[in-house]
Structure formats: structure tokens, C-alpha cells
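A quick write-up on the structure given underneath.
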């Protein structure tokens with residue numbers, strides 16, 4: 001097709017050459033072919049050139065292995081919210097060695113010591129930076145102790161930064177606010193942790209942690225999805241060394257319980273513990289109520305009550321379970 005004709009059609013139809021349309025304005029076809037070598041987007045039906053100014057944002061060099069790519073790359077580490085300065089400042093190593101591993105001379109060592117000292121002072125020069133440095137160190141410690149994955153840590157750090165901008169940290173414990181943001185991030189990512197578990201790993205009590213958590217929800221307008229008992233199954237089953245069939249049976253029991261309305265107004269931890277108890281008995285991998293209650297951080301009475309409700313409502317033969 002003539003290039004001028006295709007360009008005139010693009011002008012007449014008002015198509016932006018920088019964006020890829022969903023349909024061809026000529027034949028209404030949704031088949032669009034991207035020609036990377038020419039930088040064009042062409043309709044697969046009629047051949048109309050839809051875009052001819054695609055910009056290649058990739059590197060201008062080629063690499064055929066990971067080592068070669070790392071050697072030719074000219075960019076630094078990605079921005080991370082878990083570092084108080086987002087990783088944008090220079091880091092001087094504490095080891096007095098050069099890039100080849102050789103020890104530095106005494107004069108060079110004293111010079112590096114002075115540079116390192118002033119570099120630390122320049123990185124943390126305001127009260128907010130000092131607060132963030134201490135908070136991110138506590139977040140790293142708490143996340144490592146609880147086994148929190150990286151994306152959830154980043155979300156917790158972002159929530160803490162929003163809290164410090166809103167001046168919610170003023171007059172409150174840094175450890176409590178960090179624990180509250182981490183608990184909220186786990187709830188948002190639908191990988192919840194019991195409040196008692198977060199409180200035990202942090203240096204604050206459960207009451208203060210709950211107060212800071214409610215303050216975050218109120219001030220930052222955070223929408224927390226409802227906690228489901230199914231979210232706890234994989235971790236509880238892993239700690240109890242239960243097999244995959246037991247986990248699948250537990251999920252099936254909880255879904256039936258939700259259909260019957262048993263999950264309304266019930267603690268998800270107690271429901272998860274009771275469902276695990278029933279499934280473990282069904283598949284001959286019995287665990288005691290005390291073992292399950294300790295892992296789920298609920299009482300044995302709670303496990304027993306939820307167990308009786310589920311068995312009665314779902315019509316499970318309790319004689320065979322006994």
C-alpha cells in the first residue's frame with residue numbers, strides 16, 4: 001500500500017501514531033502485526049500502516065549471556081522503598097580493600113575513613129531521614145524473622161513513607177508503626193499473618209499494634225480485603241507437615257462452609273484450624289487439637305467449637321471421625 005495514502009488515512013481518522021489502536025479504521029480488523037525491524041504496526045487484514053514511529057527503548061548493545069549483559073549494563077540497582085534513601089546514594093564499603101581485593105595503604109585507608117564518615121552524615125541529614133533509616137532497619141529485621149517476601153516488604157515500606165508524610169509517626173513508637181504497616185501489607189497481599197504472631201516478633205504489645213493499625217486504616221484510607229480462612233491453610237499445613245491432599249480437602253471443607261454461611265462472624269483462624277483438624281482425620285494424618293491450636297494461635301476450645309459447627313452443618317459423620 002502507498003505510504004502517503006496510509007499517512008493521509010491516519011490523519012483523517014485521527015489515529016495517534018504513538019499508540020497502538022485496538023481496531024483498524026479501514027477494515028475494522030483487530031489483527032495488528034508489529035514489525036520491530038521497521039518500527040511499524042501494520043493491520044493484518046488490509047495492510048494499512050497504523051503506526052510508523054515506534055521508539056526502541058531498549059539498549060543499543062547486544063548480549064548473548066547473563067554475564068555479558070551485566071558487564072555491558074550501565075545502570076545501577078533498581079529503586080527500593082525498603083532503603084531509607086531508596087538506594088540512590090553512594091555506598092562506601094566498610095572493608096578497607098580495593099576492587100582487586102588488595103589492602104589499602106595507611107594513607108589511603110585514613111582518607112577512605114574520612115570519606116565514609118562524611119558520606120554517612122550526608123545520607124542521614126534530617127530527622128525524617130533518621131526516622132526512615134531506623135524504621136527500614138526494623139522492617140528488615142521483622143520481615144526476615146517472619147519470612148515476609150520482597151514485594152510485601154516494599155508495600156509495607158511504602159505505607160510507612162505515607163504515614164511519615166501524614167505525620168502519623170510523631171509521638172508514636174517506630175517499632176509499633178513498622179509492625180502495623182507490615183501487618184497491613186500482608187493483609188493487602190492476601191498473605192495474612194495473625195496479629196499475635198506479628199506482635200510477638202516485634203517489640204510491642206498486641207494492644208498498641210492494633211491501635212497503630214486502626215490509625216493507618218483511618219488516616220491513609222486503606223482498603224483491606226476480607227480475610228479468608230483459605231489464606232492460612234498452606235502455612236498452617238506446612239508447619240504441621242501435612243500433605244497436599246489434606247490441604248485440598250481442607251479448602252473443600254472451607255468452601256462448603258462458606259456456602260452454608262458458617263464463615264459469617266467467625267474468626268478465620270479458628271475456622272482454618274477446625275477444617276485442618278477434620279481433614280487430617282479424614283485422610284489418616286491425624287493431628288491433635290492442641291498442636292493445631294498452637295500453630296493457628298487460637299485456643300483448643302475455639303477449635304472444638306468450630307469443629308462441632310462444621311461437622312453438624314455439613315453432615316459429616318462424627319462417629320467415623322472420632
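Computed values, structure above
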| quantity | calculated |
| --- | --- |
| Criterion (under 27 Å from the mean Cα position of the chain (by Cα) and in a helix (DSSP H, G or I)) met by exactly one of 110, 122, 137 | 137 |
| Residue in segment 231-246 that is at pLDDT 90 or above, in the same structural domain as residue 306 (by TED's automatic domain parsing) and within 20 Å of residue 317 (Cβ to Cβ) present | yes |
| Criterion violated by residue 91 - all others in (1) assigned to a helix (DSSP H, G or I); (2) modelled with pLDDT under 75 satisfied | (1) |
| Number of positions in segment 16-35 that are at pLDDT 75 or above and either out of contact with any strand residue (DSSP E or B) (no Cβ under 9 Å at 6 or more places or on another chain) or farther than 29 Å from residue 75 by Cβ (or both) | 11 |
| Residue 266 vs. criteria in a loop (DSSP other than H, G, I, E, B) and touching a residue at least 24 places away in the same chain (Cβ under 8 Å) | yes |
| Residue in segment 211-230 that is modelled with pLDDT under 95, in a helix (DSSP H, G or I) and under 20 Å from residue 271 (Cα atoms) present | yes |
| Single match in 62, 74, 80, 102 (criterion: in contact with a helix residue (DSSP H, G or I) (Cβ under 9 Å, 6 or more places away or on another chain) and either surrounded by fewer than 10 Cβ atoms within 10 Å (Cβ to Cβ) or modelled with pLDDT under 75 (or both)) | 62 |
| Verdict on residue 197 being assigned to a helix (DSSP H, G or I) and touching a residue at least 40 places away in the same chain (Cβ under 8 Å) | yes |
| Cβ pairs under 9 Å, 6+ apart, first in segment 102-124 and under 11 Å from residue 90 (Cβ atoms), second in a helix (DSSP H, G or I) | 123/129; 123/133 |
| Residue 176 being under 18 Å from residue 225 (Cβ atoms) and in a helix (DSSP H, G or I) | no |
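The values are calculated or read from the model by the stated rules, or taken from the named source; none is laboratory data. Everything numeric in this text was worked out from a predicted model, so none of it was measured. Here Cβ is always computed from backbone atoms with ideal geometry, including for glycine, and neighbour counts include all displayed protein chains.
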